[in-house]
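Q: This is the structure I want to talk about, given as structure tokens.
Since every read-out is calculated from the coordinates, none of them should be taken as a lab result. Keep in mind it's a predicted model, so treat the numbers as computed, not measured. Here the Cβ is made from the backbone with ideal geometry for all residues, glycine too, and neighbour counts use every protein chain on show.
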């Protein structure tokens, strides 16, 4: 049995009963960013913390290779979330982390990407603080950084993108409440997390607010993993282009996305980047 399969085999549900603990018994919760999936993008500190964990509470997006870094004795608890399908509601995850720490355990809350980039790490940190549980945070490489770097499409560029904005593609209830006129300004990159199902709506809002329909867009699925996929399109065609795609996907919109390297399309999009750069400089 390979270490990776062994890691998955250890993943199981665990019933935890909250109970008081004295200061000497209290454990600690580490909110650790696992990065986008490639284990080589894990930070040294994250690898060290994972290797010392007694319990790993992990998302479904954490790769098998990274889970295999946990000690053989560690308990792995999968609290994977997908749209409309939660293994555990967030409030119960918060209680789980606190309950484990109050049992004196070293708990690693392992999250894809970075804990504070649309990862609800702030809610979990607040729950730990409210319960008097020590909580430490280890940042991770967020998906946008990996997707941008591997595609050769910079998030910022002196001629093409003087700013970058990270937004979420969905809200707790309905459409995300975003500043569409600000996001529609040219010469910037807009990165949309969890926006695959609302891509058409988002594109429509940006177009209505004045963003050029010809603005390049890059869609990256499974950034940094062996099965990564990239799609180049335009803002005007974004909604139609992603209809057959499945999550996890990242949408990046902006003039600098014309630099994205896609096999068979590189020359075309590099030419488009030169055209846009000349237009911006004029």
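Q: Under 16 Å from a point placed 7 Å out from the Cα of residue 52 along the Cα-to-Cβ direction: which residues of region 130-152 have their backbone N that close?
A: 134-139
Q: How high is the relative contact order of region 65-196, in percent, with contacts defined as C-alpha pairs under 8 Å that are six or more residues apart?
A: Details: 110 pairs, mean separation 21.0, N = 132.
With pairs under 8 Å counted, the relative contact order is 16 percent.
Q: Rounded, prolate or oblate for region 178-255? Axes are the square roots of the Cα gyration tensor eigenvalues, ordered a ≥ b ≥ c, and the cut-off for rounded is a/c under 1.5.
A: Numbers: a/c = 1.93, a/b = 1.76, b/c = 1.10.
Verdict is prolate for region 178-255.
Q: Also: I need to check one value: relative contact order of region 154-244, counting alpha carbon pairs closer than 8 Å and at least 6 residues apart, in percent. Intermediate results must be reported in sequence, preceding the final value.
A: Working: 129 pairs, mean separation 22.0, N = 91.
So the answer I get is 24 percent.
Q: Checking the a/c ratio against 1.5 first, then a/b against b/c, what shape does the Cα gyration tensor give for region 67-206?
A: Prolate.
Q: To the nearest 0.05, what FRET efficiency results for residue 182 and residue 91 with a Förster distance of 41 Å applied to their C-beta separation? Kindly include the intermediate steps, with their values, before the conclusion.
A: Working: r = 33 Å, r/R0 = 0.80.
With R0 = 41 Å, the Cβ-Cβ based efficiency is 0.80.
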